[in-house]
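The structure's right below; bear with me while I get my questions together.
The values are calculated or read from the model by the stated rules, or taken from the named source; none is laboratory data. Everything quoted here is computed from the prediction, not taken from an experiment. Reconstructed Cβ throughout: ideal geometry from the backbone, glycine too, with neighbour counts over all protein chains shown.
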Amino acid sequence: MREAALDRERRRREQAEWEARLARESQAHLEQERQTYLERERLEQARQHKEELHPAMITEPYSSRSSQARELLPPSFNCAHASTRTEIAICTNSWLADADGRLGKIYRTLRDSLPETIFQLLKSQQLEWIRQRDIALANECYTAGSLSISCALRQWEDRILVLKSMQLHTP
């Protein structure tokens, strides 16, 4: 009985340490990646001035260090079931679809590699992030009914950085 209590306490302590380390490293990583947003906004402005860019010709919009063209990812969900304003925006914009697809890919990798208790914590955080993302999009990114893609992309990019930081510390 005592061993089980000690084991639960050890797991609780490990999880708390992991969360604290993640929070510290996520903040540092976010600061380091802020320059990425300037490049992405420049690319978004260029995109707005051209009717349609072929995905193979688009330089990765999220990293100023990348100069290689790549295919854009599809969204992390089936667009046939899109019903919310955010889901419809994701399905109708290749940049948002790509950001959502990249986020989903990282999330699935974490789901498959994390212990169940930590994954359940991540899952609840992800659901809360989705709720907060939708609020932020509604309050900050829509102007006169039109969605600012660069504003919306910041929501995904911040979350991607957090999940990537988690990947770095996954055994």
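Need pairs with beta-carbon distance below 7 Å; first residue within 18 Å of E128 (Cβ to Cβ) and within region 147-165, second among the acidic types (D, E) and surrounded by 21 or more Cβ atoms within 10 Å (Cβ to Cβ); sequence gap 6+ or separate chains.
The qualifying pairs are W156/D100.
Give the residue, chosen from E128, E157, E140, that is surrounded by fewer than 17 Cβ atoms within 10 Å (Cβ to Cβ) and in contact with a helix residue (DSSP H, G or I) (Cβ under 9 Å, 6 or more places away or on another chain).
Working: E128 fails: in contact with a helix residue (DSSP H, G or I) (Cβ under 9 Å, 6 or more places away or on another chain); E157 fails: surrounded by fewer than 17 Cβ atoms within 10 Å (Cβ to Cβ).
Going through E128, E157, E140 in turn, just one is surrounded by fewer than 17 Cβ atoms within 10 Å (Cβ to Cβ) and in contact with a helix residue (DSSP H, G or I) (Cβ under 9 Å, 6 or more places away or on another chain): E140.
For region 103-119, state whether one or more residues are aliphatic (A, V, I, L, M), surrounded by 10 or more Cβ atoms within 10 Å (Cβ to Cβ) and free of Cβ contacts under 8 Å to residues at least 24 places away in the same chain.
No, the conditions are met nowhere in region 103-119.
In addition: Would you mind finding the one in R85, R111, R131, R102 that is among the basic types (K, R), at pLDDT 90 or above, closer than 30 Å to R11 by Cα and in contact with a Leu (Cβ under 9 Å, 6 or more places away or on another chain)? Let's see the steps before the verdict.
Working: R85 fails: closer than 30 Å to R11 by Cα; R131 fails: in contact with a Leu (Cβ under 9 Å, 6 or more places away or on another chain); R102 fails: closer than 30 Å to R11 by Cα.
Checking each option against the conditions leaves just R111.
Being in contact with a strand residue (DSSP E or B) (Cβ under 7 Å, 6 or more places away or on another chain), in a helix (DSSP H, G or I) and over 14 Å from T170 (Cβ atoms) is true for just one of A89, A138. Which residue is that? Show your work before the answer.
Numbers: A138 fails: in contact with a strand residue (DSSP E or B) (Cβ under 7 Å, 6 or more places away or on another chain).
Unique residue meeting the criteria: A89.
So, in region 85-102, how many residues would count as being among the hydroxyl-bearing types (S, T, Y), farther than 17 Å from Q126 by Cα and in contact (Cβ under 8 Å) with a residue 12 or more places away in the chain? Walk me through it before giving the result.
Let us first name the residues in region 85-102 that are among the hydroxyl-bearing types (S, T, Y), namely 86, 92, 94.
Narrowing the set further to residues that are farther than 17 Å from Q126 by Cα leaves 92, 94.
Next cut, in contact (Cβ under 8 Å) with a residue 12 or more places away in the chain only: 94.
Looking only at that region, the number is 1.
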